[in-house]
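Comments concern the structure below.
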Amino acid sequence: MKATRYIIWRRLDEPGADLCRIVRSGDAWHLTASATGFHAGAPMQIDYHVACDSDWVTRTVRLLGWADGSRVDLIIQRNDEGGWTCNAKPVPAVMGVSDIDLGFTPATNTIAVRRNCLAPGTSVETTAAWLDEADWNLKPLRQIYRRVTNDRFEYASPANGFTATLLLDDAGLVRDYPGLWTAIDRQGELAGGTSG
């Protein structure tokens, strides 16, 4: 993967977009982005930065913006022992998990995909530290990823009864998330299609 990659996603189920940059710096990966859309029917704008180590284990997450008329200002950290904090308060419910899941963007799917390095035909069940936009708290979320082909992954969140087949590029970035997100190429064309 190149040292820097950019992607723009357009939301399909409601107005919204996300401009994301992935940068490798030394032994760390950084996802820096700005997402706009709606939360509880009101406009939302969140700038976020996720730092992962060289193995794509989440280390720090910073969110700053507003949603539903309220300020969002969060610093999430994971220590070497697998303990998580949110604004310096421990979150024991997600102790030991490796991935952050920000539900308002497809960017964090890349973290689980890159960390697990699945071969086609194999799958992994994992638990993520999911940031629930209903109350902006971290909660455990069981997830299953199955690599179908080089560029297609079946994703499932059993607790929510949710499944989707994701189309990814060679960097592990989502190109098509049926019904939710699609990538836009440099000419403004839809790059992934809108299958599903």
Zone residues, the range 40-80, relative to Val124, backbone N less than 15 Å from point 7 Å out along Cα-to-Cβ: 52-59
task: At q = 0.11, 0.14, 0.19 Å⁻¹, what is the base-10 log of I(q)/I(0) for the chain according to the Debye formula with one equal point scatterer per Cα and no solvent? Please give it to two decimals.
output: -0.47, -0.79, -1.59
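I'd like to compare 174-182, 83-91: which one has the highest average count of other Cβ atoms within 10 Å, and what's the full order after that?
Values: 174-182: 20.9, 83-91: 14.0.
Answer by packing, highest mean first, reads 174-182, 83-91.
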task: Sort 156-163, 52-59, 73-80 for me by packing, meaning the mean count of neighbouring Cβ atoms within 10 Å per residue, highest on top.
output: 52-59, 73-80, 156-163
message: If each residue of separation counts as 0.36 nm, what is the full-extension length gain between Thr36 and Arg59 once their alpha-carbon separation is subtracted?
response: 5.9 nm
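Where a number appears in this text, it was derived from the coordinates with a stated rule and is not lab data. Just so we're clear, the structure is a prediction, and the values are computed from it rather than from any experiment. Every residue, glycine as well, gets a Cβ built from its backbone with ideal geometry; the counts of neighbours run over all protein chains shown.
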